[in-house]
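The values are calculated or read from the model by the stated rules, or taken from the named source; none is laboratory data. Predicted, not measured: the structure shown is a model, and the values here were computed from it. Glycine also receives a Cβ, built like all others from the backbone with ideal geometry; neighbour counts cover every protein chain displayed. Only protein heavy atoms, including side chains, enter the accessible area calculation; ligands, DNA and RNA are left aside. Shrake-Rupley method; radii C 1.70, N 1.55, O 1.52, S 1.80 Å.
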Amino acid sequence: MLSPWFMPTVTFNIGEAFPASDPVARFVTVLAMVSNDANRSLDELIAVDDAEHSPDSGARKMMLFRQQAAFFFEAAKFITKANRHAPEVREFIAGLPQEARDECAQVVGGIDPKSAHYIGDWLGEHRNVTFHYSEVHPDKAAHGDEEITLALTEAAELPGTVHFDEEMGSVRFWFADEVVAQWLPPDEKKPPTIIALREALLALVRFTQRAFAAYQAARPAGTFTERA
């Protein structure tokens with residue numbers, strides 16, 4: 001079996017290789033979905049870093065960081081629940097190589113306050129305003145619980161800008177990015193948080209590749225076809 005880092009292209013029939021009735025097949029498939037999202041987002045972030053500086057580059061980096069934080073929270077929550085609710089998944093994870101189990105622990109530990117890998121309680125709240133956006137709810141606002149009210153209050157003294165262009169798709173409401181930034185960790189926590197999140201995302205990607213390799217090895221011969 002080749003190392004998961006140097007695996008050739010693998011082809012298969014999805015129904016044969018990942019039967020819908022198999023909890024582990026479902027688990028590995030969702031991991032693959034999350035890994036795709038994380039890798040594509042990380043690639044986009046590198047592309048922004050490498051690109052010529054533009055007025056929108058900082059906002060694009062922040063958008064990608066927000067996405068990655070939300071992806072990571074969802075992934076850690078998914079693995080935790082799957083491990084708890086599906087004995088087959090729990091047994092599968094327990095049978096993985098130590099490196100994979102360590103990576104899994106790093107991922108799920110990111111949202112566990114008792115873990116040394118804990119990234120912070122802001123992750124869950126940030127997932128909510130990233131994937132669901134903030135609602136406008138007068139009662140919540142009156143009680144200090146409406147996210148957009150809190151963010152606008154924090155950003156009240158900051159300058160705002162809107163850039164209009166001939167093309168509708170070129171309009172940028174940069175003032176909204178300043179408001180979004182209020183949902184991120186405080187400035188003094190940002191550098192270590194960004195590093196911790198990126199390391200955790202890379203652990204998630206590595207864990208997924210090891211999990212796929214183990215799953216592939218356990219399937220009947222001929223299920224997967226490898227080609228260079």
Report summary line: Other residues with Cβ under 14 Å from the Cβ of Asp145 give, with Lys and Arg +1 and Asp and Glu -1, a net charge of -4
Report task. Would you mind calculating the relative contact order of the chain from Cα pairs under 8 angstrom and at least 6 residues apart, reporting the percent as a whole number? Result -> 31
Report summary line: Length gained, Ser54-His137, 0.36 nm per residue minus C-alpha separation, equals 26.3 nm
Report task. Express the accessible area of the chain per residue in Å², computed with a 1.4 Å probe while the remaining protein chains stay in the model. Result -> 60
Query raised in the report: Using a basic spin-label model with each label point 7 Å from the Cα along Cα→Cβ, how many nm lie between Lys77 and Arg198?
Result: 2.6
Report task. Just flag the GluC sites (Glu not before Pro) in region 87-150 sitting in loop per DSSP whose Cβ has no more than 14 other Cβ atoms within 10 Å. Result -> Glu135
Report summary line: Magnitude of the Cβ-charge dipole (Lys and Arg +1, Asp and Glu -1) of region 73-224 about the Cα centre, nearest 20 debye, reported as 1140
**Report entry** Portion, in percent, of the accessible area of region 116-188 that falls on carbon or sulfur, probe 1.4 Å
**Finding:** 54
Query raised in the report: For region 7-87, what does the alpha-carbon gyration tensor say about shape, rounded, prolate or oblate, given a ≥ b ≥ c as the root eigenvalues, a/c under 1.5 as rounded, and a/b over b/c as prolate?
Result: oblate
**Report entry** Computed FRET value (nearest 0.05) for Ile14 with Phe164, which takes r as the C-beta separation and R₀ as 41 Å
**Finding:** 0.35
Report summary line: Env charge @ Pro23, Cβ radius under 11 Å, K,R +1 / D,E -1, value -1
**Report entry** Kirkwood hydrodynamic radius over Cα pairs of the chain, then Stokes diffusion coefficient at 20 °C and 1.002 mPa s, in µm²/s
**Finding:** 107
Query raised in the report: Going highest first, how would you order 138-144, 176-182, 18-24 by mean Cβ packing within 10 Å?
Result: 176-182, 18-24, 138-144
Query raised in the report: If one takes the longest principal axis of the Cα atoms in the chain, at what angle in degrees, from 0 to 90 and to the nearest 10, does the Cα axis of helix 190-218 lie?
Result: 20
